[in-house]
Structures are given as structure tokens and as C-alpha cells.
Amino acid sequence: MRLTRGKLGLLAALAACAIAAVAAVPAQGLVSNASIQAVDGDIFAGGDGPGGSTDFNLASGTTTILDNTDADTTHNVTAAKPTAFPVTLNGPDGGPLFRSGDVFPNESATVAGVQYLADGSYDFYCTIHPSSAQGTLEVSGSDPVPRPKISVAIKASKLGTVLKKGKIPVSVHADTQSSGVTLQAKLGKTKLASEKGLNLGAGSTRKLSLKLTGAGRNALKGKSKAKLTLVGSVSFGASATAAKKLG
């Protein structure tokens, strides 16, 4: 069928209307990464505490910052349990599920740990001003960063060799990206050796020798056997433990 100029014009007009109608439909699942702002009055601007009623939207797998615009007061962002009066919600590492640390006036800092959050609502507060500075993170996007996960092992077999060299050979493996790993070797409650600040990429393994402390060397002296424990801890992830009896 041949289209006349009039019919072509009508079709163009209908297409334009269809495009406008689609554009008028609000996009679903879109979120913003606006920073959390602390302001005068010991509140979060737009927070859902006494200072406002707006949630803070965050795309899963991303981070945000606490921007402290208060000229003379320190503030922080700390994960909270959904209770009448804020109580800190701890994560697998024993620290707050997400946190900024204290931020001085007119400074800003990353709110660490939010990149690991699954979709959902997460309350937070300022531990310095718990009754007024409160808010909620609305996380969506279904794409969180994998939480840090490590495993550890003691590679020593002879107690005499450990005493002679003054070192305990160990290894740590990261299933996922893991930063700020700390290793600590113990005999009972006595700390024998430690290492901190280790950063491992996903799938990587580090072998290292932990140097005995003076107290650690003394704790092992004169023993024919000793059961050593190695504890690995990582920020925002669960700790890992390995034990081995050395003869």
C-alpha cells in the first residue's frame, strides 16, 4: 500500500507520542550515590531521624562518603540495628557492618563496607549524636562486591626448627579480594608472632615467615611439643583459624 504525505505525517506524530509516553514512565531500579551529609544541628541532611525523612539511595557494589559540612563538630556513620534507640550492628569481623570512622569538621571520608551489602534497607547513625543523627541506606542493584574471605595454614612441622630460625612459616589464601589481613600465631593465649597489613587479590596465596617475639620464643623454649594456632582476620570478613601440633 502506498502511503500518502498525510498518512506519513500521521504515523510520525503517533511515533513521537509513543516515544514521549515511554520517556514519561519513570525508570525502575535506578539509584543515586549522593553523599551522606552531616550538617549543623547534629543531623544528617535529609536523613530519617529528627532532621528529615529521606532515605539515602545506593547502588549495590558501590561506596559513598560522609561529607561533614558541620563547621565545629565531628560526626561518623555507623551501621545500626533497627531499634528505638540506635545500637551498633556488627558484621562478620566483629566491627560495625559499615562505618566511616570519626570525620572532623569540613572533612569527608569513605563509608567503608557498604560495597558488600546485599539489596535491602540498612539503618545507620552517628555514635557521637545517636538521638538526632540517623538515616537509612536503601541498597539496590543486586551486584554487591564479594565479601573478603580467607583461609590460613601453618607450614612448620618441627618445633626445634621454629626455635632455631626464630620464625613460623605460614600461608594465607584469599578466595576473594581481601585487604588489611592480619595474621597472629598463638600458643594458648600467648602471642608468638604476627603480621598485619597484608593485601591479597582474589585467588592469590601468600607464603611468609612470622618472626617470633621475645615472649613467643620464651613460651616455646624447653618444650618437646606444642600446639600452635594461627588466626587470620580481615576487615569486613570472617576470621580464619588453623591449628597444628609441632614436635
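Determine whether Ser178 is more than 16 Å from Ala156 (Cα to Cα) and either buried (at least 18 other Cβ atoms within 10 Å of the Cβ) or not assigned by TED's automatic domain parsing to the domain that holds Gly95 (or both). Break it down stepwise before answering.
Working: more than 16 Å from Ala156 (Cα to Cα): yes; either buried (at least 18 other Cβ atoms within 10 Å of the Cβ) or not assigned by TED's automatic domain parsing to the domain that holds Gly95 (or both): yes.
The answer is yes for Ser178.
When the residues of region 78-92 are narrowed to those that are in contact (Cβ under 8 Å) with a residue 40 or more places away in the chain and out of contact with any strand residue (DSSP E or B) (no Cβ under 9 Å at 6 or more places or on another chain), which ends up farthest from Thr110 (Cα to Cα)? Quick ask: steps written out before the conclusion?
Quick first cut of region 78-92, residues in contact (Cβ under 8 Å) with a residue 40 or more places away in the chain only: 78-82, 85-86, 91-92.
Now drop any that are not out of contact with any strand residue (DSSP E or B) (no Cβ under 9 Å at 6 or more places or on another chain), which leaves 85, 92.
Numbers: Phe85: 25, Pro92: 20 Å.
Per the stated criteria, the residue is Phe85.
Suppose we keep only residues that are at pLDDT below 95, out of contact with any Asp or Glu (no Cβ under 7 Å at 6 or more places or on another chain) and more than 14 Å from Val39 (Cα to Cα) within region 120-137. Which one would you say is surrounded by the most Cβ atoms within 10 Å (Cβ to Cβ)?
The extreme case among them is Phe124.
For residues that are surrounded by fewer than 22 Cβ atoms within 10 Å (Cβ to Cβ) and part of a loop (DSSP other than H, G, I, E, B), tally how many sit in region 71-85.
8
Which residue is surrounded by the most Cβ atoms within 10 Å (Cβ to Cβ), if the candidates are limited to region 89-118 and must be hydrophobic (A, V, I, L, M, F, W, C) and more than 21 Å from Glu138 (Cα to Cα)?
Here the answer is Val103.
Could you say whether any residue in region 92-105 is within 30 Å of Thr241 (Cβ to Cβ), among the aliphatic types (A, V, I, L, M) and not in a strand (DSSP E or B)?
Step one: list which residues in region 92-105 are within 30 Å of Thr241 (Cβ to Cβ), which gives 92-101.
Filter once more, so that each one left must be among the aliphatic types (A, V, I, L, M): 97.
After this cut, where a residue has to be not in a strand (DSSP E or B) as well, the list is 97.
There is at least one residue in region 92-105 that is within 30 Å of Thr241 (Cβ to Cβ), among the aliphatic types (A, V, I, L, M) and not in a strand (DSSP E or B).
Working carefully through the options Ala79, Ala59, Ala21, find the one that is modelled with pLDDT under 80 and at negative phi.
Of the residues listed, the single one that is modelled with pLDDT under 80 and at negative phi is Ala21.
Counting only residues that are of a type in the set (Ser, Thr, Tyr) and without any contact (Cβ under 8 Å) to a residue 24 or more places away in the chain, which one in region 185-216 is farthest from Ser233 (Cα to Cα)?
Residue satisfying both the conditions and the ranking: Thr213.
Looking only at region 208-229, how many residues end up being of a type outside the set (Gly, Ala, Ser) and either under 13 Å from Ile154 (Cβ atoms) or part of a helix (DSSP H, G or I) (or both)?
Summing the residues that are of a type outside the set (Gly, Ala, Ser) and either under 13 Å from Ile154 (Cβ atoms) or part of a helix (DSSP H, G or I) (or both) in region 208-229 gives 8.
A quick yes/no check of all residues on (1) within 30 Å of Gln115 (Cα to Cα); (2) modelled with pLDDT under 95; (3) basic (Lys, Arg):
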residue: Pro146; (1), (2), (3): yes, no, no
residue: Leu187; (1), (2), (3): no, no, no
residue: Glu195; (1), (2), (3): yes, no, no
residue: Lys207; (1), (2), (3): yes, no, yes
residue: Lys223; (1), (2), (3): no, yes, yes
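Is it true that Gly247 is without any contact (Cβ under 8 Å) to a residue 24 or more places away in the chain and small (Gly, Ala, Ser)?
In short, no.
Taking the criterion of being crowded, with 18+ Cβ neighbours inside 10 Å, under 23 Å from the mean Cα position of the chain (by Cα) and small (Gly, Ala, Ser), would at least one residue in region 194-203 satisfy it?
no
Determine, yes or no, whether Val152 is within 30 Å of Leu200 (Cα to Cα), surrounded by 17 or more Cβ atoms within 10 Å (Cβ to Cβ) and at pLDDT 95 or above. Spell out how you get there, then give the answer.
Working: within 30 Å of Leu200 (Cα to Cα): yes; surrounded by 17 or more Cβ atoms within 10 Å (Cβ to Cβ): yes; at pLDDT 95 or above: yes.
Here the answer is yes, as Val152 does meet what is asked.
The values are calculated or read from the model by the stated rules, or taken from the named source; none is laboratory data. Quick caveat, the model's predicted, so the values are computed rather than measured. Cβ sites come from the backbone with ideal geometry, for glycine too, and all protein chains shown count toward neighbours.
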